[in-house]
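Down below is the structure, laid out as structure tokens.
The values are calculated or read from the model by the stated rules, or taken from the named source; none is laboratory data. Nothing here was measured: the structure is a model prediction, and the numbers come from that model. Positions of Cβ are generated from backbone atoms using ideal geometry, with glycine treated the same way; all protein chains shown enter the neighbour counts.
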């Protein structure tokens, strides 16, 4: 199942990025009987189950009521946690030979996908538009937006996807992935994936330089980000010229800054318990769908309780990458995690494709550790 799911990964990322929940969910469904919690898994599992329970309770006071069961976020999350969790836990028990084969497949697949994105950048998306046209007509601007969106998937995956390749091929495959992300993001107007090409090497450098302390430093940064984001936005608005900043940045960024400003006003009115799961969908026109800032969305919907749980999860997860000596796998996982956090200012935190992408990063990390050669640490905590 891992081989099949990882072979699907670049195809889904390119043609159907909004369906990116599928690889981790499929593996999790078939791997449920193989999932085993260990002692070191319990802190993260406790935090996640506590967060799920709190999110469910918060629906009691949320002003948003979905019209259809398929639009019910808490129902989706109730399935996602065991399925995504089972995929991560079962990856640890995969046969090392098959695991290495799966990692080779995803490395080469993502490299080919990077080259396709490079071609898309040079041809204004001719390949994507031609293939998607088979299923029906699609406006050029929508097609180009979809290609730009897919750069976020590869932008988060490429560090941990590349590390599974053979030592000789690894640098070239990583270069193909990164070049495709950068070229397509620039061609289709997405700034965050370009910035990610700086953030990923920086996070990897920190973990390389301090293999034990670096992951703890990143954990502290991530936890602080979730705990203090409303205060950061408030400080910028209070001490700076917020209107002037909005006027100088591109329109999409100005809209995002407006959402953030409205979000902290709502957070101030109900800081402890929040307004309830998916409540941000009800606060238009000041906020459309969500604040486009995941720490702010967690604060707004789940309050300080949710923010503490999110900070605890990131703290536990990133500290688990600490090693006594330099680990290429830990470096790559930290790089992908840092990019995932960076991209959090673009998407809603509960979108199933987004959570599926995070789960897949975790699956690849565990697979790499579990199938590592004797010279590499095998403990995928």
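If we only count helices (runs of 4 or more DSSP H) wholly inside region 217-327, which ones have 3 or more residues that are within 23 Å of residue 57 (Cβ to Cβ)? Explain how you work it out, then say what you get.
On the way: elements: 242-248, 251-269, 294-319.
Here the list reads 251-269, 294-319.
Looking for something in contact with a helix residue (DSSP H, G or I) (Cβ under 9 Å, 6 or more places away or on another chain), under 21 Å from residue 189 (Cα atoms) and either surrounded by fewer than 20 Cβ atoms within 10 Å (Cβ to Cβ) or modelled with pLDDT of 85 or more (or both) - is there at least one such residue anywhere in region 261-280? Spell out how you get there, then give the answer.
We begin by selecting, within region 261-280, every residue in contact with a helix residue (DSSP H, G or I) (Cβ under 9 Å, 6 or more places away or on another chain); these are 261, 263-264, 266-268, 270-280.
After this cut, where a residue has to be under 21 Å from residue 189 (Cα atoms) as well, the list is none.
No, that holds for no residue.
Restricting attention to region 179-196, does a residue exist that is closer than 15 Å to residue 297 by Cα, touching a residue at least 24 places away in the same chain (Cβ under 8 Å) and under 19 Å from the mean Cα position of the chain (by Cα)?
Keep residues of region 179-196 that are closer than 15 Å to residue 297 by Cα, which gives none.
The answer is no; no qualifying residue exists.
Among the residues of region 82-119, what is the count of those that are surrounded by fewer than 20 Cβ atoms within 10 Å (Cβ to Cβ), in contact (Cβ under 8 Å) with a residue 40 or more places away in the chain and outside any helix (DSSP H, G or I)?
1
Give me a count of the residues in region 123-159 that are buried (at least 18 other Cβ atoms within 10 Å of the Cβ) and either modelled with pLDDT of 85 or more or in a helix (DSSP H, G or I) (or both). Show your work before the answer.
Pass one, region 123-159, residues buried (at least 18 other Cβ atoms within 10 Å of the Cβ): 125, 128-129, 132, 143-144, 146-159.
When the remaining residues are screened for being either modelled with pLDDT of 85 or more or in a helix (DSSP H, G or I) (or both), the result is 128-129, 132, 143-144, 146-159.
Number satisfying all stated conditions: 19.
Can you pull out the residues in region 58-81 that are closer than 26 Å to residue 42 by Cβ and surrounded by fewer than 15 Cβ atoms within 10 Å (Cβ to Cβ)?
Scanning region 58-81 gives 75, 78, 79.
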